[in-house]
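The values are calculated or read from the model by the stated rules, or taken from the named source; none is laboratory data. None of the values given here were measured: they were computed from a predicted structure. FYI the Cβ positions are ideal-geometry reconstructions off the backbone, even for glycines, and counts take in every protein chain you see.
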Amino acid sequence: MNTEEHGKKMSQLIAKCWADESFKAKLLADTVAVLKAEGIDLPTGVIVKAVENTDKTFNLVIPLRPENLSDDQLYSVSAGLCGGLTR
């Protein structure tokens with residue numbers, strides 16, 4: 001599954017959670033089984049945690065740092081710069 005297909009599946013999964021409280025409860029309780037049932041394959045050994053934002057809790061996810069970014073490129077991205085600008 002490519003990145004675009006994966007993003008589409010995840011968007012559909014979130015929409016289904018918003019429309020169906022029972023489905024959302026199942027996803028939160030047994031994330032891996034629900035993902036597999038929805039056709040989302042996970043690599044062996046990957047741990048998945050489904051969490052829900054509420055009016056009092058906001059979950060901030062920090063993605064894994066891409067291995068191919070130099071320190072200057074990382075600085076540019078974190079500073080909101082574009083066009084290859086560096087410090």
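Things to note:
- Selection status of residue 50, in a loop (DSSP other than H, G, I, E, B) and surrounded by 11 or more Cβ atoms within 10 Å (Cβ to Cβ): yes
- Residues of the stretch 38-73 satisfying the condition of being among the aliphatic types (A, V, I, L, M) and either under 14 Å from the mean Cα position of the chain (by Cα) or at pLDDT 95 or above (or both): 40, 42, 46, 47, 48, 50, 51, 60, 61, 62, 64
- Applying a threshold of 9 Å to beta carbon distances and a minimum spacing of six or more residues, or different chains, the list of pairs starting in the stretch 18-44 at a residue that is under 24 Å from residue 2 (Cα atoms) and ending at one that is assigned to a helix (DSSP H, G or I) and among the polar types (S, T, N, Q) reads 38/12.
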